[in-house]
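Here is the structure we will look at.
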Amino acid sequence: MAKPMDQYKWHELNVGCVIEEVGNAREYKTGDWRSQKPIHDNTKCTRCSLCWLFCPDSAVYEVEDEYFDTNLDYCKGCGICAKECKPGAITMVEEER
Amino acid sequence: MTKKKGIEVSIAIAEAAKLARVEVISAYPITPQTHIVEHLSEIVADGELEAKYINVESEHSAMSACCGASAAGARTFTSTSAQGLELMHEILFIASGMRLPIVMATVNRALSAPLSIWGDQSDVMAARDSGWIMLFCENGQETVDTTIMAFKIAEDRRVLLPVMVNLDGFSLSHVIEPIVLPSQEDVDTFLPSYNPLFTLHPDKPVTMGAYAMPELYTEAKFAQEAAIRNSKKVVDEVMEQFGKQFGRSYKSVETYNSDNTDFAFIALGSICENIKTAIDDLKNEGKEAGLIELRLFRPFPEDDFLKAIKGKNRLAVMERAMPGGATYGPLFNEIAAIIHTHNLNIITENYICGLGGRDVQPEEFIHVFVSPKKGTNMDVIGVRE
């Protein structure tokens, strides 16, 4: 967005709130919603990629040697990756801010 | 081309949609709307109109398909009644919030239960705050003209809102009336093809219907409210332009014999014809009563209404919907709010009538005029006690 949401005046919005700018959801860091975060343990990880596949926010990304990590800017802490991880390599831990 | 011919009002509305060159129709049949969509379906199947007719399994889907079609830039039409309108209810707000200029003919019918297929206006009144522009028709010719005007109002860049054309079930939809269908050339001149502001197109992707956080929702709804309030000017312009081109003039608020009367009926839709008969009968007896007829109900034409009630000392608001526990009927509450906020001292009475297809004869309107009701409660005309 050209400016933060709380600075838009009503007459500055597009008709029907149409968003013309492509891909600007990236600017909205939904990681703020999280109360638990996933911790990847690469000693248990089999590199099956199920966490990457199941993440509803596409927040899991591949790192070196085909292991995976989570982009905490967008991870909402839903825990689907930990639930789907067969070898138990992902643990959800309480996050304090 | 412009001769009057006897035609069923529903068929005439379908012909009006054809004259408007609608590009997408999605509807689900329900009495008393059925003949409109049946005839449109035939017109499309016979190749007389280049349009896509989307068959759906419910009204919820019909309105959803209309939203998609309108978002893609098509001139879109649908029609429904009663339970169908209720099943659409959720999507009505999406159409108006997304500023999609869909036109819908709502053939007003009573809501179940008890099951009734007959006319009253409880369906539209339950949807009155959905952000749609709402027009009401008194006779068959008006339904044709209003349908054509509705597209021009809806698609105006200053408006971009869905428009509902209301007509009473059976007492209007199923009668054969002498109607002038305008020529295609004249309608094409009046109503150019729809030029959308935004469309869903891969060449220029946009997001429609995104969610709004608490930081934005108020501004979004304020913008929508401003749009419907400002649409009044466009409604007036379109009605005036239509009058100039087609010779049949309309106004947001019409009056009948009301210029110098102390008393006026206030009503919407086809009962206005019977009220006019009652007024003529009263005139023959030397009594003077007026009628204030609201063609435009949303946005509520407050200024025009105030002009129409100038000099009145008694108003009888006649409406075809039960209040459902509200203080008074929905139309009365609007009017009471205007009278209160302008500090006017006018006796204002509320009469509920014509529910579930019950006829209201001129004698009953005459009775309202000559014997004002006692007390402050609303009266239900003709209820057996």
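Readers should treat all values here as calculations from the given coordinates under stated rules, not as data from a laboratory. What you are looking at is a predicted structure, and each value in this text was computed from that prediction instead of being measured. Glycine also receives a Cβ, built like all others from the backbone with ideal geometry; neighbour counts cover every protein chain displayed.
Structural remarks
- Using a cut-off of 24 Å between Cα atoms, the listed pairs B:Lys3/B:Lys244; A:Lys3/B:Lys152; B:Lys233/B:Lys312 include A:Lys3/B:Lys152; B:Lys233/B:Lys312 as exceeding that distance.
- With a 10 Å cut-off around each Cβ of B:200-213, the average count of Cβ atoms from other chains is 3.
- Working note: Debye formula, equal point scatterers on the alpha-carbon atoms of chain B, no solvent; log10 I(q)/I(0) at q = 0.15 Å⁻¹ is -1.40.
- Within-14-Å neighbourhood charge of B:Met125 [Cβ basis; K, R +1; D, E -1]: -3
- Simple point charges give the picture: +1 on the Cβ of Lys and Arg, -1 on the Cβ of Asp and Glu, and for the range B:253-380 a dipole about the Cα centre of about 280 debye.
- Using the Cβ-Cβ distance between A:Trp10 and B:Asp186 with R0 = 41 Å, the FRET efficiency computed as 1/(1 + (r/R0)^6) comes to roughly 0.60.
- Across peptide B:217-229, the average count of Cβ atoms from other chains found within 10 Å of a residue's Cβ is 3.
- Restricting the calculation to alpha carbons of the range B:141-279 gives Rg and Dmax of 19.2, 61 angstrom.
- For B:96-102, mean number of other protein chain Cβ atoms within 10 Å: 2
- Computed over the Cα atoms of the protein assembly as shown, pair by distinct pair, the Kirkwood hydrodynamic radius stands at 25.1 angstrom.
- Reach of A:Lys83 by Cα under 17 Å, taken over lysines that are not fewer than 8 positions away in the same chain: A:Lys37, A:Lys44
- For the range B:1-49 versus the range B:115-177, the inter-centroid distance based on Cα atoms is 15 Å.
- For the range B:286-301 and the range A:32-97, distance of Cα centres in Å: 65 Å
- Filtered GluC sites (Glu not before Pro), the range B:43-103: DSSP coil and at most 15 other beta carbons within 10 Å: B:Glu48, B:Glu50, B:Glu57
- Taking only Cα atoms of the range B:1-140, radius of gyration then Dmax in Å: 14.5, 45
- About the Cα centre, charge dipole magnitude for the protein assembly as shown (Lys/Arg +1, Asp/Glu -1 at Cβ), debye: 600 debye
- Residue-span extension gain [B:Asn345 to B:Val370] - 0.36 nm each, minus C-alpha spacing: 7.0 nm
- Dipole magnitude for the range A:29-94: about 300 debye, using +1 per Lys or Arg Cβ and -1 per Asp or Glu Cβ, origin at the Cα centre.
- Ranking of B:Ile279, B:Ile13, A:Ile80 by neighbouring Cβ atoms within 10 Å, starting from the fewest: A:Ile80, B:Ile279, B:Ile13.
- Stokes-Einstein D for the range A:29-94, Kirkwood Rh over Cα pairs, 20 °C, 1.002 mPa s (µm²/s): 186 µm²/s
- Dimensions in Å of the range B:252-385 - Rg and Dmax from alpha carbons: 13.8, 39
- Comparing B:Gly325, B:Ala82, B:Gly47 along the charge dipole axis of the protein assembly as shown, the residue lying farthest to the positive side is B:Gly325, per the Cβ-charge model.
- Judged by a Cβ-Cβ distance under 4.7 Å, the unpaired cysteines of chain A are A:Cys17, A:Cys45, A:Cys48, A:Cys55, A:Cys75, A:Cys78, A:Cys85.
- Residue order, fewest to most surrounding Cβ atoms within 10 angstrom, among B:Cys137, A:Cys85: A:Cys85, B:Cys137
- Fewest-first sequence of B:Ser249, B:Ser171 by Cβ atoms within 10 Å of each Cβ: B:Ser249, B:Ser171
- Under 10 Å, Cβ to Cβ, from B:Ala69 - net charge with Lys/Arg +1 and Asp/Glu -1: +1
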